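Worksheet: the structure to be examined is printed underneath.
The values are calculated or read from the model by the stated rules, or taken from the named source; none is laboratory data. Here the structure is a predicted model, which is why all the values come from computation and not from measurement. To get the accessible areas, we keep the full protein, side chains included, count just its heavy atoms, and leave off ligands, DNA and RNA. Shrake-Rupley method; radii C 1.70, N 1.55, O 1.52, S 1.80 Å.
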Amino acid sequence: MTEMNQTTDNQHRIDIEKLGVLNYLGELGVSGVESRLGKLAGKQTAVRSDVVKSGYVDESSVEMAFPAEKRLGVQVSLNGVPHGCMLVLFPPVSAKRAVRMMLEDTNEDVTNVSNDMMVSSIVELGGIVANGFLDALADTFDQHIATWPPVTQNNELDHIIEQAITDETDQGLYLESTFHITSHGIEVELYMFPENGIFVEILNRIDVETIAGVERR
């Protein structure tokens, strides 16, 4: 079997046929997000997946791979396999729309809410998105994926990414899913940074035909 070195560590090799599985996982994760959002009381939501891709980044390549553009959102650390973290981020305009969505079934004046309430709304939505995505992956891996509570992020994208990959060792491989909550005009960027060695091992154990079958259903 031909293999491709997907990380800079020669011990972390992914079977070349499994590279496409990463895209399947990204699409499945977005379907999990849509399922979670559909359970929000009083909120009719629709989700469209725009971009799913994977890559590898380290401190020397962050600025080349990610723009210095403002993002707001959360970081959700994984409390167990595959370890690492997830980032759920919104461009500023989408962050404001996200707050409106989360407060639309309340009596709050969304044009004059407190900063604490805005942050709370973003944290709540970020947690819903992250856990919806992980639920779909957990079903595929046949393994529960536990998380720590979301931590707020408010910085330029390249700085957020750099901090995420330097917080822990053996990270840099990532799965990116960009999608829109079309019913509310919200753009969402989701990045999963698993522990490289563990995630590569999981990928190489996955049956490609099984994943493809799930995607077709």
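Annotations
- Probe 1.4 Å, accessible area per residue of the stretch 50-138, Å²: 45
- Computed P(r) (all Cα pairs; the stretch 75-167; 5 Å bins; percent): 3, 13, 22, 20, 18, 13, 8, 4, 1
- One decimal place: the segment Gln143-Glu59 gains 27.2 nm when fully extended, by the rule 0.36 nm per residue minus the C-alpha distance.
- The length gained by stretching the chain between Val113 and His159 to full extension, at 0.36 nm per residue less their Cα-Cα distance, is 13.8 nm.
- Once the Cα-Cα distance is subtracted from the 0.36 nm per residue extended length, the Ala68 to Ser49 segment shows a gain of 4.5 nm.
- The share of accessible area on the stretch 142-195 that comes from carbon and sulfur is 42 percent, using a 1.4 angstrom probe.
- ³J(HN,Hα) computed for each position of the stretch 183-192 - Karplus, 6.51 cos²θ - 1.76 cosθ + 1.60, integer Hz, glycine/proline x: 5, 10, x, 10, 8, 10, 10, 10, 10, 10
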